[in-house]
Amino acid sequence: ETTETQALIDCGAEGRFIHQDLVPWEKRKRLPRSFRVKNVDRSPNTAGRITHGIWVAYEFAGKKFKDMFHITDLGDQKIILGMPWLERHNPLIDWRRKTVVIPKDPSRHI
């Protein structure tokens with residue numbers, strides 16, 4: 001199933017997260033260990049501990065990816081791409097044009 005949505009790029013987030021409403025129960029994978037997270041505003045997340053994740057194949061900025069996302073209540077957000085994603089893919093963000101480009105070789109881009 002394909003769904004088009006927006007992602008929040010958040011350098012303060014410590015992972016990749018997807019809103020629980022986007023993931024059917026039968027596709028969720030139980031994590032070896034659950035953990036707590038805080039919301040973007042640092043308040044406790046109302047969903048409690050994160051217990052499940054899902055592998056998601058997706059397209060972002062014209063490139064295809066497959067990553068594990070942790071499932072939780074994200075409020076108004078649908079997807080959050082945090083610091084691990086930013087470090088791995090090292091995107092070029094043009095804040096004036098509001099565009100994101102993923103370099104071909106993120107390890108070579110500084």
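Restricted to segment 39-64, and to residues there that are within 24 Å of H89 (Cα to Cα) and of a type in the set (D, E, K, R), the residue that is nearest to the chain's Cα centre (by Cα) is E59.
Yes/no per residue for (1) at pLDDT 95 or above; (2) among the hydrophobic types (A, V, I, L, M, F, W, C); (3) within 23 Å of P91 (Cβ to Cβ); (4) in contact with a strand residue (DSSP E or B) (Cβ under 9 Å, 6 or more places away or on another chain):
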| site | (1), (2), (3), (4) |
| --- | --- |
| L8 | no, yes, yes, yes |
| C11 | no, yes, yes, no |
| P24 | no, no, no, no |
| R36 | no, no, no, yes |
| K66 | no, no, yes, yes |
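If we scan segment 96-110, do we find a residue that is modelled with pLDDT under 95, within 18 Å of E1 (Cα to Cα), hydrophobic (A, V, I, L, M, F, W, C) and not in a strand (DSSP E or B)? Looking for residues that are modelled with pLDDT under 95, within 18 Å of E1 (Cα to Cα), hydrophobic (A, V, I, L, M, F, W, C) and not in a strand (DSSP E or B), one finds none in segment 96-110, hence no.
So which strands (runs of 3 or more DSSP E) stay within segment 1-90 end to end and still have 2 or more residues that are out of contact with any Pro (no Cβ under 8 Å at 6 or more places or on another chain) and loosely packed, with under 14 Cβ neighbours inside 10 Å? Here the list reads 29-35, 50-60, 63-72.
All of S43, S34 fail the test of being in contact (Cβ under 8 Å) with a residue 12 or more places away in the chain and among the small types (G, A, S), apart from S34.
The values are calculated or read from the model by the stated rules, or taken from the named source; none is laboratory data. Quick caveat: nothing in here was measured; it's all calculated off a predicted structure. A quick note on method: Cβ atoms are made from the backbone with ideal geometry, for glycine too, and the neighbour counts reach across all protein chains shown.
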